[in-house]
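Colleague: Please see the structure below; I have some questions.
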Amino acid sequence: MEELIAQAAAATGYPASMVERSAAARAKAEGTTIEAVLAGWAGVEVPTAAAAGAPGGAPDAAAPAQAAAPAGAMSLEDLAAAAAEESGMPAKLLMRSATAKAKAQGVAVEAVLAEMAGVPVPTIGAPAAAPAASTSAAPAAAAAPVMAPAPEGVRTQRLLTVVKSKAIQQVKTEPVDKVNTWPHLVAAEFVALMAMTAFLLVLSVIINAPLLEAANFNLTPNPSKAPWYFLGLQELLSYFDPQIAGVLIPGLIGLVGLGAIPYIDRNPATRPSERKFAIMMFTFFLMGAATLGIIGSFFRGPGFNFTYPWTDGVFFDDLLDWLE
Amino acid sequence: MADDKVGLLERVRESVTTAPSKMRKSQFWESVFRPGSPFRAGYTDSPRGRSYVIMNNVLYHLHPVKVKRHGVRLSYTLCLGGLSFFLFIVLTITGIFLMFYYTPSEERAYADIEALATSVTFGTLMRNMHRWGAHLMVLTVFLHMSRVFYHGAYKPPREFNWVIGVVLLLLTLLLSFTGYLLPWDQLALWAITVGSNMGAFAPVIGNQVSYVLLAGVQISGATLLRFYVLHVLFLPFVIVIFMAVHFWRVRKDGGISGPL
Ligand code: HEM
């Protein structure tokens, strides 16, 4: 067997593993043995041991011979049925396509059907029905099937070239690993949504929103603080001129700068190790904002002067209810 | 007589057990749930069935039929964008509730907020949820922005969605800021005073902008009405439009970014 594979591989020029695989597939499809197929490719005598086991020694030649006998006597229906069985298509469809093909090629329907069924073309009908085809069809019809089996040792097809799939296909998008939105994403979203609802409910039950005395224009509280997300800016105001802290930094750096990030950062990489500088800058920005915000929220007391929350208490009215 | 009773029981039992499947085949039920819905009779849990669930559902406006596997993992987006949107919905619902009891006038505003705690069923809970939800939304939007940055998810072709995101951040802050004034207590009045004083420093247009926003040179009852309309109508309207474009761009830009 190995020897046969090696011979077949040498004769065909394919790798041995491929030859073995395709021989097995062909043997299965044709109902012969692998050895017979390999021997055919290698152009050697079919090993006798294998030949005994095989249904007909050289099946390529034997099968049509078997079928040849009845073919001549077959009626159109029988031929259609045989062709249908051979091709696995419904007989009715097959008849239609055979008729169309016969008409297009100017040969007899029987000839087309016989070709489809893989039996010798019946002698009757062919020359009579299609004079145009008689020169080519008639001589062949008498002696051999239309698709004559390849003689021993002759390869009927060969490999021209191996083409990578991308060279002949237009690949528009790379295939990506995807999952169905339902149920995978929808389920995850539902869980997140429920968790957030639970968290918000618990928060709202245990901490009350602050409500101080009614607004009074004549009584400025000390300290007066902005909403917490602006406390970083208010903190900046105690270091810089208002034109800088109130306008330049939030407006230019905060908004315009933030919006311009994609146009400033031209590095196409997304892997963190390849964009260390960008990550460093942004982290720096976040840390700065967080530090200023925390100082403004918890370390600023009356007169917006620096205090320690653990000595003078916290001046952060948003969480008044919780702090008490 | 006894036979009749047994027969009746049998019939009742039969109709009770077949009711659900009959209902699912009724014209009404089938008119509500479109073909492909998992609530319809004959739904099969196959790849095809799963695709139809999204395709024939209003969710198709938000989600494609399939998403990248890594995008589903909670650790990728931490669901922060989705949670920002969800909090916005919670805020809309609780906000509408609060609107039934609130009058944006100098005379009534404070008393109305006080009354939520004393004479409105679930008034305190709704106010608390609205307030903490708003703070949480500022937080989730901010964290969402950070997660987008650290994933480099603003890089081509997603640059402009980042810009839309920055507008969303600004709108979120403005929504929170305008809402802050509405209780009309000392905290509200003076926090907004400090905040808008900072804005007034802007060169050239600072005073004009602050005049328009405050409906005058100083906070007054007119400011309250102005902030109220901005808070319950104008800004939500604008942010919904920007969110629609934002979500649409997420899909048009090829879905969620990554994997890294
Ligand atoms: C109201 C505020 C916002 C809402 C409701 C929102 C919602 C969302 C949602 C649902 C997604 C899908 C992916 C995810 O959940 O992470 C997303 C993606 C995105 N968001 Fe936002 N967002 C908001 C604010 C922002 C901000 C402030 C920025 C940046 C400055 C931003 C930039 C982006 C970008 C670039 C994407 C695409 C990310 C990717 O493909 O991985 N968004 N947003």
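Colleague: Provide A:Met89, A:Met74 ordered by accessible surface of protein heavy atoms (probe 1.4 Å), highest first.
Modeller: I get A:Met89, A:Met74, largest accessible area first.
Colleague: Round to the nearest 10 and report in Å² the accessible area of B:Trp248, as given by a 1.4 Å probe over the protein chains' heavy atoms.
Modeller: 140
Colleague: Of the heavy-atom accessible surface of the protein assembly as shown (probe 1.4 angstrom), what whole percent is carbon and sulfur?
Modeller: Of the solvent-accessible surface of the protein assembly as shown, carbon and sulfur hold 66 percent.
Colleague: Let me ask another. May I ask for the net charge around B:Arg69, where only other residues with Cβ less than 11 Å from the Cβ of B:Arg69 are counted and Lys, Arg are +1 while Asp, Glu are -1?
Modeller: Around B:Arg69, the surrounding residues sum to +3.
Colleague: So what are the three principal axis dimensions of the range B:22-66 from its Cα atoms, in whole Å, longest to shortest?
Modeller: So the three principal-axis extents are 32, 21, 9 Å.
Colleague: Please identify the GluC sites (Glu not before Pro) of the range A:152-258 that satisfy two criteria: DSSP loop assignment and at most 12 other Cβ atoms within 10 Å. Which are they?
Modeller: When the GluC sites (Glu not before Pro) of the range A:152-258 are filtered for loop state and at most 12 Cβ neighbours within 10 Å, A:Glu213 remain.
Colleague: Provide, in order from the shortest bin, the percent of all Cα-Cα pairs of the range B:159-260 in each 10 Å bin, continuing until the bin that contains the maximum pair distance.
Modeller: Reading the bins upward from 0: 14, 38, 27, 14, 7, 0.
Colleague: As a test of the formula, what do you get for chain B when each DSSP H run with n ≥ 4 contributes -39,500 (n - 2.57) and the sum is divided by the residue count, at 222 nm and rounded to the nearest 500 deg cm²/dmol?
Modeller: -22000 deg cm²/dmol
Colleague: Same structure again: When only the heavy atoms of the protein chains count and the probe is 1.4 Å, how do B:Met145, B:Met55 rank by accessible area, highest first?
Modeller: B:Met55, B:Met145
Colleague: Same structure again: With just the Cα atoms defining each centre, how far is the range B:157-185 from the range B:78-134? Give it in Å.
Modeller: 18
Colleague: Another question, then. Under 27 Å Cα-Cα from A:Lys101, which lysines qualify once same-chain neighbours fewer than 8 residues away are excluded?
Modeller: Correct list for A:Lys101: A:Lys92.
Colleague: Using alpha carbon centroids, what distance separates the range B:198-239 and the range B:1-52, in Å?
Modeller: Cα centroid of the range B:198-239 versus Cα centroid of the range B:1-52: 57 Å apart.
Colleague: Another question, then. For the B and A pair, go ahead and give the buried accessible area with a 1.4 Å probe, both sides summed, in Å² to 100.
Modeller: 6800
Colleague: Here's something else I'd like to know. Provide a whole-number value for the mean count of partner chain Cβ atoms within 10 Å of the Cβ atoms in peptide B:109-121.
Modeller: 1
Colleague: While we're here: Let me spell out the model: positive unit charges on the Cβ of Lys and Arg, negative unit charges on the Cβ of Asp and Glu, origin at the Cα centre of the protein assembly as shown. What dipole size does that give, in debye rounded to 20?
Modeller: The dipole of the protein assembly as shown has a size of about 880 debye.
Colleague: Treating the range A:174-324 as a set of equal point scatterers at the Cα positions, no solvent, please give the Debye-formula log₁₀ I(q)/I(0) at q = 0.09, 0.10, 0.17 Å⁻¹.
Modeller: The Cα Debye sum returns log10 ratios of -0.52, -0.63, -1.13.
Colleague: Give me log10 I(q)/I(0) at q = 0.08, 0.12 Å⁻¹ for the protein assembly as shown, Debye formula, one equal scatterer per alpha-carbon, no solvent.
Modeller: -0.77, -1.24
Colleague: How much solvent-accessible surface does A:Lys178 expose, in Å² to the nearest 10, with a 1.4 Å probe and all protein chains in place?
Modeller: Looks like 90 Å² after rounding.
Colleague: Is any helix in chain B, taking whole DSSP H runs, at least 30 angstrom long along its axis by alpha carbon and on average at least 1.0 on the Kyte-Doolittle scale, and which ones?
Modeller: Helices meeting the criterion: B:159-181.
Colleague: Taking 0.36 nm per intervening residue step and subtracting the Cα-Cα distance, what contour gain separates A:Val179 from A:Tyr263 on full extension?
Modeller: 27.0 nm
Colleague: In this model, which of A:Lys164/B:Lys66; B:Lys155/B:Lys252; B:Lys25/B:Lys66 are farther than 20 Å apart at the alpha-carbon?
Modeller: Check vs 20 Å cut-off fails for A:Lys164/B:Lys66; B:Lys25/B:Lys66.
Colleague: Continuing with this model, one more query. Quick one: among B:Val250, B:Val212, B:Val16, which has the greatest mean-square fluctuation in a GNM of chain B with alpha-carbon springs under 10 angstrom?
Modeller: Highest fluctuation of the listed residues: B:Val16.
Colleague: Counting only heavy atoms of protein chains, what accessible area per residue, in Å², does the range B:80-252 have with a probe of 1.4 Å?
Modeller: Ligands and nucleic acids excluded, the figure is 44 Å² per residue.
The values are calculated or read from the model by the stated rules, or taken from the named source; none is laboratory data. The structure presented is a predicted model; accordingly, all values stated were derived computationally and were not measured. Cβ sites come from the backbone with ideal geometry, for glycine too, and all protein chains shown count toward neighbours. For the accessible areas, the whole protein counts, side chains as well, though only heavy atoms, and no ligand, DNA or RNA atoms are used. Shrake-Rupley method; radii C 1.70, N 1.55, O 1.52, S 1.80 Å.
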